1. Across all directions of projection, what mean area in square nanometres is found for the Cα convex hull of the chain?
2. Counting other Cβ atoms within 10 Å of each Cβ, which chymotrypsin sites (Phe, Trp or Tyr not before Pro) in the chain have at most 14 and sit in a DSSP loop?
3. Between the helical axis of 47-58 and the dominant principal axis of the chain, each derived from Cα atoms, what acute angle in degrees is found, rounded to the nearest 10?
4. Note down the nm distance, to one decimal, between modelled labels 7 Å out along Cα→Cβ at residue 68 and at residue 34.
5. Can you work out the base-10 log of I(q)/I(0) for the stretch 14-60 at q = 0.20, 0.30 1/Å, using the Debye formula on its C-alpha atoms alone?
6. Once fully extended, how much extra length lies between residue 57 and residue 23, figured as 0.36 nm per residue of separation less the alpha-carbon to alpha-carbon distance?
7. Helix-only mean residue ellipticity at 222 nm, the chain, DSSP H runs n ≥ 4 weighted -39,500 (n - 2.57), per residue, nearest 500. What is it?
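A short reminder: the numbers here are calculations on the coordinates, not readings from a lab. Quantities reported herein were computed from a predicted structural model and do not represent experimental measurements. All Cβ positions, even for glycine, are placed from backbone atoms using ideal geometry, and neighbour counts span all protein chains on display.
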Amino acid sequence: MRIQLAPGTTLTRVEGKDVLFSVRTGDSYGLNETAAHMLKLGIETGLDAAASRMAAEYDVTPKEIRADLDELVQELVSLKLVQTLSDHGA
């Protein structure tokens, strides 16, 4: 599965922190360093590849990272900041 920022949402760095901002709602959502890294990799490579890559970086199993990544994505989808895409076309 792949993810992308929802239309009208930006990911920017503000005072050393990564922040998602929705121009549609005016809402912002701050991300810690790990969550920002997860999100960026998820957008760039897809969730499975992001979990594998981060598992190697953090010396944990891909399953552990994927559970955290799925939780983050679910939260961001519910806030309408991120949307999911199927792997075969968007």
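1. Working: hull surface 22.8 nm².
Convex hull of Cα atoms, orientation-averaged projection: 5.7 nm².
2. Working: sites: 21, 29, 58; in loops: none.
Here no chymotrypsin sites (Phe, Trp or Tyr not before Pro) fit, given the DSSP loop and packing criteria.
3. 70
4. Going by the 7 Å Cα→Cβ label model, 0.3 nm.
5. After summing over all Cα pairs, the log10 values are -0.72, -1.03.
6. Numbers: separation 34, 0.36 × 34 = 12.24 nm, distance 3.33 nm.
Residue separation times 0.36 nm, minus the Cα-Cα distance, leaves 8.9 nm.
7. Values: 3 runs with 42 residues, N = 90.
That calculation yields -15000 deg cm²/dmol at 222 nm.
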